[in-house]
Amino acid sequence: MSVDFRRGDLPTLPDSAPVTLIDDEGHRAADARDGGFDFPGADELKSLYRKMVVARRFDVQVTTLTRQGRMATYPSALGQEACEIGATAALRAADWLFPTYRDTIALLTRGIDPVDIFPSFRGDWHCGYDPSAHRTAPQATPLATQALHAVGAATAAKLKHDDVATLAFLGDGASSEGETHEAFNFAAVWQAPTVFMLQNNQFAISVPLAKQSHARMLADKAVGYGMPGYRVDGNDVAAVYAVVKSALGRARAGGGPTLVEGLTYRIEAHTNSDDPSRYRDDADVATWKTRDPIERLEKYLLSTGLLGEDDRRSIAAEAEDLAARTRDAVSAETTLDPLEMFDHVYAAERPEMRRQRDFLAAELARSDEATGANA
Ligand SMILES: Cc1ncc(C[n+]2csc(CCOP(=O)(O)OP(=O)(O)O)c2C)c(N)n1
């Protein structure tokens, strides 16, 4: 089914019980919690499982590389694979994705090579892939700016009658930023074909949700803007995929934006430079580990005979291959030209920027002369 919301109707408060299609034990949820959404087919579930296993291996590999000092910083998405991959896999190739720094595994799901993902984490380039080729914006670090970009792109697509929807990822902390409210409001007023995937991983660095929002739940915020909101079990990839796919379909059909809150948990630290033991309880982390999104789907696939030993072997091989390529890519030395940072800033060069570039070029030449470089 598609989300049942017609223009002119007033959306009502979402159900506080998260939409769940496969429960913690790996059983198909057979009660009202499924919200009537389409249960994904066997091939879709197997593909989601494969993507999550490969992405987890990649995520663990990159965290290891930061510990070895071979990568400066990495915000892990361990434990959030269902939100990241379920929502991204629901996009069509022509749609646009607007990710944040946390959403590296969403980029993998979009088919972007890790070699092209790392330049931004190494500080080499703001974005190492071609956004137009992958219909994926650069990962935003300023919180919530990507939500506005997603609404702008969606509105442009609508005005041009393009069959395109956009998906913006947000965190619970980002939901307190002014940009989020401007994005929600504009999207609803203009009925922009946008889906906001709000990953409620319970912390904004060290700030818990209770200090961030006094709302009953973040999905409720949709109603104030006049758009439907859904709370989804963010560790159930089947539910995230089904709800986001339905919302994207409705957006493309002219039904306007949707807010989806995925209830999940950040298992790793905020980034490798943070110590989460200072602000959260180990017992909570242990509890959330028992709700692991990959194990849950694996139990379901094994119990229904959809996953065999051959599948597991080929998935493990793919994961190891990606981990090896990631190690090679991060270990490769790159030679950078500092003057390249002035490229692609403006379409036409501006006098002030030319002055700055000339200044830096002169400085570099002076320092080369002093050190004997290029002699
Ligand atoms: C406008 C802005 N203010 C502050 C920061 C610093 N900052 C970086 S990450 C972060 C927490 C974000 O938390 P959340 O939105 O929940 O996303 P998560 O990191 O949990 O995925 C903050 C405050 C920033 N990047 N941008």
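The values are calculated or read from the model by the stated rules, or taken from the named source; none is laboratory data. Only a predicted model underlies this, so the values are computations on that prediction, with no experimental measurement involved. Note that each Cβ is placed from the backbone with ideal geometry, even for glycine, and that neighbours are counted across all protein chains shown. All accessible areas refer to the heavy atoms of the entire protein, side chains included, with ligands and DNA or RNA removed. Shrake-Rupley method; radii C 1.70, N 1.55, O 1.52, S 1.80 Å.
Residues of the range 1-20 that are among the aliphatic types (A, V, I, L, M) and modelled with pLDDT under 60: Met1, Val3.
Looking only at the range 109-128, decide whether some residue is at positive phi and either charged (D, E, K, R) or in contact with a His (Cβ under 9 Å, 6 or more places away or on another chain) (or both). Yes; the residues of the range 109-128 include at least one that is at positive phi and either charged (D, E, K, R) or in contact with a His (Cβ under 9 Å, 6 or more places away or on another chain) (or both).
The combined condition, being of a type in the set (Val, Ile, Thr), assigned to a helix (DSSP H, G or I) and within 16 Å of the ligand (Cβ to nearest atom), is fulfilled by Ile105. Does Ser314 meet the test of being among the small types (Gly, Ala, Ser) and either in the same structural domain as Gly86 (by the TED database) or modelled with pLDDT of 95 or more (or both)? Taking the combined requirement at face value, the residue satisfies it. Filter the range 168-182 down to residues that are farther than 21 Å from Ala87 by Cα and charged (D, E, K, R) and give me whichever is farthest from the ligand (Cβ to nearest atom). Per the stated criteria, the residue is Glu182. When Gly249 is tested against the conditions (1) open to solvent by 10 Å² or more (accessible area, probe 1.4 Å); (2) touching a Ser or Thr at 6+ places or on another chain (Cβ under 6 Å); (3) away from the ligand (no atom under 16 Å from the Cβ); (4) more than 16 Å from Phe39 (Cα to Cα), the lone failure is (4).
Here is a yes/no grid of residues against (1) surrounded by 23 or more Cβ atoms within 10 Å (Cβ to Cβ); (2) farther than 21 Å from Arg250 by Cα; (3) assigned by the TED database to the domain that holds Leu65:
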residue	(1), (2), (3)
Cys127	no, yes, yes
Ser132	no, yes, yes
Thr141	no, yes, yes
Leu148	no, no, yes
Leu159	no, no, yes
Ala174	yes, yes, yes
His181	no, yes, yes
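So in the range 228-241, with the set limited to residues that are among the small types (Gly, Ala, Ser) and not in a helix (DSSP H, G or I), which one is nearest to Thr290 (Cα to Cα)? Filtering the range 228-241 for residues that are among the small types (Gly, Ala, Ser) and not in a helix (DSSP H, G or I), the one nearest to Thr290 (Cα to Cα) comes out as Gly234.
Residues in the range 199-217 that are within 9 Å of the ligand (Cβ to nearest atom) and open to solvent by less than 40 Å² (accessible area, probe 1.4 Å) were compared, and the one that is nearest to Thr104 (Cα to Cα) is Gln199. Scanning the range 37-59 for residues that are open to solvent by 40 Å² or more (accessible area, probe 1.4 Å) and without any contact (Cβ under 8 Å) to a residue 60 or more places away in the chain turns up Asp43, Ser47, Lys51. Pairing residues of the range 342-353 that are more than 20 Å from Asp124 (Cα to Cα) with residues that are surrounded by 10 or more Cβ atoms within 10 Å (Cβ to Cβ), at Cβ distances under 9 Å and at least 6 apart in sequence or on separate chains, gives Glu349/Phe342; Glu349/Arg357. Of all the criteria given as (1) closer than 24 Å to Lys289 by Cβ; (2) in a loop (DSSP other than H, G, I, E, B), the one not satisfied by Thr88 is (2).
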